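Peer 1: One structure follows; several queries about it will come next.
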Amino acid sequence: MSINRLRGPKIKLPYDAVIAVTYRCNARCLMCNIWQTEDAGDLDAALLAKLPDTLRYVNLSGGEPFLRRDLPELVDAVMAASPRAQIVISTNGLVSQGRVREAAAGFRQRYGDRVGLGVSIDGIGATHDRIRGIDGAFDRATELVKALRSDGLTNLRLAFTAVDENVQDFYQVYRLSQELGVEFTSAVAQGSSHYFQKDSTSAVKLEELRGQLDRIAAGELSSTSPKRWARAYFERGLYDFARGEGRPLACLAADDFFFMSPAGTIYACNVLDLPLGNLRDASFEEIWTSPAAVKARESVAGCGMGCWMVCTARTAIKRNPLRVAGWVAAGKVKAARGKPVL
């Protein structure tokens, strides 16, 4: 059973969002069919001016965002509308290294570490190439990370998506992130008819997944960083989701979070096909307080999918510090004794 809460009458504007700026893509990933979509349009940059100023975390995603040559202008537009936001741009690392490095240098000059990149690495060597459907993809992605590090970009991470075909490389990619001196984020693949253009994904081998996640969580708990402890808790949630136990904390989609498509449609989240409205037709505030949004919140409150992704887990973790701290304390004791954390 998933844990969800009922919403009260007072509606606040969100502070977390995933915005797909294009559905054009130059990869051929196993877990995503965006690259096959016939509706590969780009987001109208003018719509970004209508974003709420309450946003604190924005993931600019795709498709492949760097296929848009005006990506720097899109970042500027988000920052103008939501001046307190931090932005992470998701990339597969297949676009020209020179273009990405030039854009990243501009971001760093204008916004410091408030704009970062998440480079997808879904396995070591040939495994990553197979998952992404592109020969040489692993070398290109890792070389990009090294180049960005040498350029001085500090807000940089590897992003791993677990599927049955690569779960055995989960911990190795985590270790690679440490070797490269960058952060690590992860997900277990799941379906989405309106985003990933794929209704479902194959189940991941649970025992293998648990072993991989346990090693990662233990590594995060051994650190002195509360941020990394929270990531260990996130890894715990990935395992709960994968084995059908739901999410450990209530989902706040359509409260704290929304997903925006390249067409300008605001959805409750990445997974549920619950459109709230379109920014071409109304202001964000009108959409967020619309009857469709109220109905979507009711659907999320009763949702049994148990999804667990950074975009909705982050706010849930922040809202439940004592519960997370209790798990972290117990986990640190287990890790210190060499016992499984999960």
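The values are calculated or read from the model by the stated rules, or taken from the named source; none is laboratory data. Here the structure is a predicted model, which means the values were calculated and not measured. We place every Cβ from the backbone using ideal geometry, glycine too, and count neighbours over all the protein chains shown. Each accessible area value is taken on the protein alone, full model and side chains, heavy atoms only, with ligands, DNA and RNA left out. Shrake-Rupley method; radii C 1.70, N 1.55, O 1.52, S 1.80 Å.
Peer 1: Being within 22 Å of Asn26 (Cα to Cα) and β-branched (Val, Ile, Thr) is true for just one of Val100, Val58, Val78, Val115. Which residue is that?
Peer 2: So the residue among Val100, Val58, Val78, Val115 that is within 22 Å of Asn26 (Cα to Cα) and β-branched (Val, Ile, Thr) is Val100.
Peer 1: Can you tell me which residue in the range 1-48 is farthest from Ala189 (Cα to Cα), limited to those that are modelled with pLDDT of 90 or more, open to solvent by 30 Å² or more (accessible area, probe 1.4 Å) and among the small types (Gly, Ala, Ser)?
Peer 2: Taking the candidates together, the pick is Ala46.
Peer 1: Okay, next question. Of all residues in the range 107-150, which are of a type in the set (S, T, N, Q) and surrounded by 21 or more Cβ atoms within 10 Å (Cβ to Cβ)?
Peer 2: Matches in the range 107-150: Ser120 only.
Peer 1: Which residue is most open to solvent (accessible area, probe 1.4 Å), if the candidates are limited to the range 210-254 and must be of a type in the set (Ser, Thr, Tyr) and over 18 Å from Val167 (Cα atoms)?
Peer 2: Thr224
Peer 1: Can you tell me how many residues in the range 291-325 are open to solvent by less than 40 Å² (accessible area, probe 1.4 Å) and either over 20 Å from Arg243 (Cα atoms) or hydrophobic (A, V, I, L, M, F, W, C) (or both)?
Peer 2: 15
Peer 1: Let me ask something else about it. Which one of the conditions (1) within 18 Å of Asp16 (Cβ to Cβ); (2) open to solvent by 10 Å² or more (accessible area, probe 1.4 Å); (3) in contact with a strand residue (DSSP E or B) (Cβ under 8 Å, 6 or more places away or on another chain); (4) modelled with pLDDT of 95 or more does Phe257 fail to meet, given that it meets all the rest?
Peer 2: Result: Phe257 fails condition (2) only.
Peer 1: Same structure again: Could you list, in sequence order, all residues of the range 284-326 that are part of a helix (DSSP H, G or I) and in contact with a Lys or Arg (Cβ under 7 Å, 6 or more places away or on another chain)?
Peer 2: Across the range 284-326, the qualifying residues are Phe284, Arg297, Ala301.
Peer 1: Name every residue in the range 74-85 that is in contact with a Leu (Cβ under 9 Å, 6 or more places away or on another chain), outside any helix (DSSP H, G or I) and of a type outside the set (Gly, Ala, Ser), in order of residue number.
Peer 2: Arg84
Peer 1: In the range 49-85, which residue that is acidic (Asp, Glu) and more than 19 Å from the chain's Cα centre (by Cα) is most open to solvent (accessible area, probe 1.4 Å)?
Peer 2: Glu73
Peer 1: Restricting to the range 212-246, name every residue that is under 17 Å from the mean Cα position of the chain (by Cα) and not aromatic (Phe, Trp, Tyr).
Peer 2: If the condition is that a residue be under 17 Å from the mean Cα position of the chain (by Cα) and not aromatic (Phe, Trp, Tyr), then Lys227, Arg228, Ala230, Arg231, Ala232, Glu235, Arg236, Gly237, Leu238, Ala242 are the ones that fit.
Peer 1: Then there is this: Could you list all residues from the range 154-165 that are in contact with a Phe, Trp or Tyr (Cβ under 8 Å, 6 or more places away or on another chain) and open to solvent by less than 20 Å² (accessible area, probe 1.4 Å)?
Peer 2: Listed by number, the residues that qualify are Leu158, Phe160, Ala162.
Peer 1: Right, another one. In the range 86-102, how many are in a loop (DSSP other than H, G, I, E, B) and under 15 Å from the mean Cα position of the chain (by Cα)?
Peer 2: The total comes to 1.
Peer 1: Test Val300 against the criterion of being under 18 Å from Val18 (Cα atoms), touching a residue at least 40 places away in the same chain (Cβ under 8 Å) and touching a Ser or Thr at 6+ places or on another chain (Cβ under 7 Å), and give yes or no.
Peer 2: Against the criterion (under 18 Å from Val18 (Cα atoms), touching a residue at least 40 places away in the same chain (Cβ under 8 Å) and touching a Ser or Thr at 6+ places or on another chain (Cβ under 7 Å)), Val300 does not qualify.
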